[in-house]
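Since every read-out is calculated from the coordinates, none of them should be taken as a lab result. The model shown is predicted, which means the values in this text are computed figures rather than measured ones. Backbone-built Cβ (ideal geometry, glycine too); neighbour counts: all protein chains shown.
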Amino acid sequence: MKTMLSGIQPTGDLHLGNYLGAIKNWVRLLDEYYGYFFIVDYHAITIPYDVASMQPRILDAAVEYLASGLDPSKCIIYVQSHVPAHTELTWILNSVTPIMELERMTQYKDKAEQHKENINAGLFTYPTLMAADILLYHPDAVPVGEDQVQHLELTRVLARKFNARYGEYFKEPKTLMSEAKRILGLDGKRKMSKSLNNHIPLKATAEQTEKLLLGAVTDPDRKRRSDPGNPDVCNIYSLHKLFTPAAEYEECAKQCRCAGIGCVDCKKILAKHMNAALTPVRERITAYAAKKDFVIDVLRDGAKKANEVANKTLREVKSLMGLIADWQ
Ligand code: SF4
C-alpha cells in the first residue's frame, strides 16, 4: 500500500482550520494510503511555550486525532520526540542544506517577525527538521496546506542533494493539496490560528460555536442590515459552502445580495449546519478523553512502529555516508 505522512503541532485545542484543512483530508486519504501521523512537539519548542502544559497538549492532540477519525488500524500515531532518529537525520541533512534555501522560507520570515525577541537557530532550521520528519519514512505523498508547500519543495531539494552526494536513496514525496486549502479565521482575513485568536476550537460547544460565528467579520462594506451584501467577499459564505446544503447557501447568497437576509440570520443557519456536522466529532473527543490509557497505548504502539522504520532508514543513511564501522 502507498504511504503518506503528516503532522500538526500540539498548540492546544485543535481548531476548525486544522480539522477542515488537514485532518479531514487525511481521514479520506486513508482508503488509499497507509498513514504516519505525528504530533510535532520538537517544532513547537521553537517559540516560547508553557512547559507544564506541553504533555496535556500532546495528549489532547492525540485524543482529537482519534476523534477526528484517524483509525489506528490504518495508520500510526506518534509523538515526534519519541523517535530520536528525527533529530539525528536533521543533523545529517543540515550538512547538505544551503543556508540560502533556509533564508528564502516565507514561514521563517513570518515567524521571525512575530517572535523578534526569540529568533533562534531552531526557527531557522525548522524546514530541515521537517525534511527529516518526512524522509525517514519514505512516504509516497505528503498532504499539506498552502503554507507548507515551500517546505515540502525544500524536502525534495534536500533529498536530491543527499542522493547526488551519497548515492540514490531518498525518494521525493509528492504534494497532496487539501481540498479545503486555506481556512480563514473569524477575522475573515488571516488563516485560522489559535495564536491569532481567530479560531473555532474543534471541541467548542454548539452554543460557543454560534457565539463565535455571530462575532465573525462578514462583508466589510455591509454596514447596516438594509445594505445589500456581497457573499463572494464574505468568509461566512465560504464556510457555508463547507457545511450547508447547496440549495440553502445559494438562497443565502441570493438574499444577501438584495438585503433579504441579515448577517445574524445567515450566521445562525451556518451555525446550525456546522454544529450538526461537528457533533459526532465532539462526542468522540469526550469519549476518548475519558480513555487516557487507550490513547497512551496508541502513542506507545505508534512510537514503537515509527522507531523501527526510522532506525532502519538512519542506519542505511549512515552506511551510505561511511558512518558505520564493521565493529559497530
Ligand atoms: S448575509 Fe451572509 S453572506 Fe451576506 S454578508 Fe452577511 S454573513 Fe456574509
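Things worth noting here:
- q = 0.19 Å⁻¹, segment 28-134: log10 I(q)/I(0) [Debye, one scatterer per Cα]: -1.09
- Cα-only radius of gyration and Dmax that characterise the chain, units Å: 21.7, 82
- Rounded to 0.05, the FRET efficiency of the ALA325 and MET54 pair, given R0 = 51 Å and the Cβ-Cβ distance, is 0.85.
- Label positions at ASP297 and THR106, each projected 7 Å from the Cα along the C-beta direction, are separated by 4.4 nm.
- The 3J(HN,Hα) values that the Karplus relation (6.51, -1.76, 1.60; θ = phi - 60°) gives for segment 123-132 are, in residue order, 4, 5, 9, 3, x, 6, 4, 5, 5, 5 Hz. Gly and Pro appear as x.
- Segment 82-173: trypsin sites (Lys or Arg not before Pro) falling in loop per DSSP and having at most 14 other Cβ within 10 Å: ARG104, LYS171
- Considering all different alpha carbon pairs of segment 202-273, the Kirkwood hydrodynamic radius works out to 12.2 Å.
- If you model segment 185-328 as an ellipsoid using its alpha carbon gyration tensor, with each semi-axis the square root of five times an eigenvalue, the axes come out at 48, 20, 13 Å, biggest first.
- Amide H partners (placed H, <5 Å) of TYR34, local residues excluded: LYS2, THR3, MET4
- Given LYS2/LYS312; LYS191/LYS211; LYS194/LYS304; LYS223/LYS268, the pairs whose alpha carbons are separated by over 23 Å: LYS194/LYS304
- Set of lysines with alpha-carbon distance to LYS24 below 16 Å, sequence-local pairs under 8 removed: LYS74, LYS181, LYS203, LYS241
- With helices as the sole contributors, the chain gives -16500 deg cm²/dmol at 222 nm; each DSSP H run of n ≥ 4 counts as -39500 (n - 2.57), and the sum is divided by every residue.
- In order along segment 142-148, the Karplus-derived 3J(HN,Hα) couplings, from 6.51 cos²θ - 1.76 cosθ + 1.60 at θ = phi - 60°, round to 10, x, 9, x, 4, 6, 9 Hz, and Gly and Pro are given as x.
- ILE99-LEU196 FRET efficiency (beta carbon distance; Förster radius 35 Å; 0.05 resolution): 0.75
- For segment 1-46 and segment 209-276, distance of Cα centres in Å: 29 Å
- Residues whose amide H comes within less than 5 Å of that of HIS15, counting only those at least five positions distant or on another chain, are LEU202 (H built at 1.01 Å from N in the peptide plane).
- Remark on PHE170: its backbone amide H falls under 5 Å from those of ASN163, a criterion applied only to residues 5 or more positions apart or on other chains, H modelled at 1.01 Å from N.
- On the beta carbon distance between ALA276 and LYS116, with R0 = 51 Å, the FRET formula returns roughly 0.75.
- Farthest toward the positive end of the dipole of the chain, out of ALA159, THR175, CYS263, is the Cα of CYS263, where the dipole comes from beta carbon charges about the Cα centre.
- Spin-label pair SER73/LYS189, simplified geometry with 7 Å Cα→Cβ offset, distance in nm: 4.8 nm
- Sorted ascending by nearby beta carbons within 10 Å, beginning with the fewest, TRP26, TRP327, TRP91 become TRP327, TRP91, TRP26.
- Summing charges over neighbours of PRO228, with a neighbour being any other residue whose Cβ is under 13 Å away from its Cβ, gives +2 when K and R count +1 and D and E count -1.
- Given +1 at the Cβ of Lys and Arg, -1 at the Cβ of Asp and Glu and no other charges, the dipole of the chain around its Cα centre is 380 debye to the nearest 20.
- Shown in residue order for segment 259-267 are the 3J(HN,Hα) couplings computed by the Karplus curve 6.51 cos²θ - 1.76 cosθ + 1.60 at θ = phi - 60°: 6, x, 10, x, 5, 4, 5, 4, 5 Hz (x for Gly and Pro).
- Under the simplified labelling scheme, the ALA289-SER226 pair shows an inter-label distance of 4.6 nm, with each label point 7 Å from Cα along Cα→Cβ.
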